[in-house]
Amino acid sequence: MNSPIDTSGESALDGSAAAGPFADVFAGDVSAAVVTCGGCRSSAVFAEQHAYLGAPGTVLRCPGCDHVLARLVQTPTEVWLDLSGSSSWRFPL
Amino acid sequence: MAIFTRGFGGRRDPDAVALPPGQHLTEGFPVLSAGPTQYVEPEDWSFTLTTETDEKQTWSWDDLMNLPSEDVEVDIHCVTRWSKLKSRWRGVPVDAFFEDSESEADYVMAHSYGGYTTNLPLEDLLDGKAWVVHEYDDGPIPAEHGGPVRLLVPHLYFWKSAKWLSGFTMMTGDEPGFWEGFGYHNYGDPWREERYAGD
């Protein structure tokens, strides 16, 4: 894995830090996509969500309730994507 | 065609360290978490063992302190490819928590404050192979490294050593935890390089 490793005590980064691997899957920029939390139903753009990298996979969490919105794992042969914690993703056209 | 390979018959570097395949040494201690750091005061911490018949046994911090602890110096290996040698911990062998258990289940789901889970065969936790640790480097375990109490299973990749440990649930069948069900290997032996599902 080549994910950047956060070595600070507080490991949450803003969602922009996770935009790269998600963009690879969605074949486009996800930073402006509006993600709605499946836990507390609050919505925010991807870039404002909380990201945890190299954990060992990538985890996107709701900044309001810490609910897992999405997980992404890249193995040598596959990309795994879990969006089950988010109720919707809205992409501006 | 060369008859002799380079280094044939040469002396080994006495300082060379055997690492699992694909790992590199680190002198630091990277902080990797799937979620926010959990800040649990020792007086608020507890550990609950739940059997497959839903019987529960709970230990408080004081209970933990009254169990026999031992010093442990082990190498740890993270699936993100760093290894740290001779990390020093103090804690209670997991065996102590099963002395009065009537569970007959063979698998354990370890739970953390914050919701993280990781699954292990029970046999990998017993016979002195794993500890419930409460000290690192002669002091309290920093919260970012899983304090006040974390699991230590050094013979498996470090994602199995759950931070902010809150309990074990016994399972009659194996079920995947947070990462095991999502791309990472179910067992995670670093010496067999079991990083990902299918390795």
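Kindly give Rg over Rh for the protein assembly as shown, based on alpha-carbon atoms, with the Kirkwood expression for the hydrodynamic radius.
Rg divided by Rh gives 1.01.
Of the residues A:L72, A:L53, A:L81, which exhibits the maximal mean-square fluctuation in a Gaussian network model of chain A defined by a 10 Å Cα contact cut-off?
With Cα springs under 10 Å in chain A, the top fluctuation among A:L72, A:L53, A:L81 is at A:L81.
What percent do you get for the relative contact order of chain A when only Cα pairs under 8 Å and 6+ apart count?
Contact order relative to length: 29 percent.
If you plug each phi of region B:120-132 into the Karplus form 6.51 cos²θ - 1.76 cosθ + 1.60 with θ = phi - 60°, what whole-Hz ³J(HN,Hα) values come out, in order, with x for Gly and Pro?
Each residue's phi maps through the Karplus curve to give 8, x, 4, 5, 7, 9, 9, 6, x, 9, 8, 9, 9 Hz.
Have a look at region A:53-93 and report residues whose accessible surface goes down by 40 Å² or more when the remaining protein chains are included, against the chain on its own, probe 1.4 Å, ligands and DNA/RNA excluded.
Correct list: A:A55, A:P56, A:R61, A:R71, A:V73, A:W80.
Using only protein heavy atoms and a 1.4 Å probe, how much accessible area in total is buried between A and B, to the nearest 100 Å²?
2100
With θ taken as phi - 60° and the coefficients 6.51, -1.76 and 1.60, list the Karplus ³J(HN,Hα) couplings across region B:139-154 in order, rounded to whole Hz; mark glycine and proline as x.
Per-residue couplings from phi come out as x, x, 6, x, 4, 5, 9, x, x, x, 9, 10, 8, 10, 10, x Hz.
When chain A is modelled as a GNM with alpha-carbon springs shorter than 10 Å, which of A:P63, A:P76, A:P21 fluctuates the most?
A:P76
Please list 3J(HN,Hα) in residue order for region B:96-106, calculated via the Karplus relation 6.51 cos²θ - 1.76 cosθ + 1.60 where θ = phi - 60°; whole Hz, with x for glycine and proline.
4, 7, 10, 4, 9, 7, 9, 5, 10, 6, 9
Amide H to amide H under 5 Å from B:R150: which residues, 5+ apart in sequence or cross-chain, H placed 1.01 Å off N in plane?
Amide H neighbours of B:R150, under 5 Å, 5+ apart: B:V133, B:L165.
Report, to the nearest whole %, how much of the accessible area of region B:44-174 belongs to carbon and sulfur atoms, 1.4 Å probe, protein only.
Whole-percent figure for carbon plus sulfur exposure: 43.
Along the Cα→Cβ direction, 7 angstrom out, place labels at B:H155 and A:F91. What is the inter-label distance in nm?
Spacing of the two 7 Å Cα→Cβ label points: 4.7 nm.
I want to verify a result. In a Gaussian network model of chain B, Cα cutoff 10 Å, which of these has the top mean-square fluctuation: B:H24, B:H185, B:H134?
Residue with maximal mean-square fluctuation among B:H24, B:H185, B:H134: B:H24.
The values are calculated or read from the model by the stated rules, or taken from the named source; none is laboratory data. If you're wondering where the values come from, they're calculated on a predicted model, not measured in any experiment. All Cβ positions, even for glycine, are placed from backbone atoms using ideal geometry, and neighbour counts span all protein chains on display. What goes into the accessible areas is simple: the full protein's heavy atoms, side chains included, and nothing from ligands, DNA or RNA. Shrake-Rupley method; radii C 1.70, N 1.55, O 1.52, S 1.80 Å.
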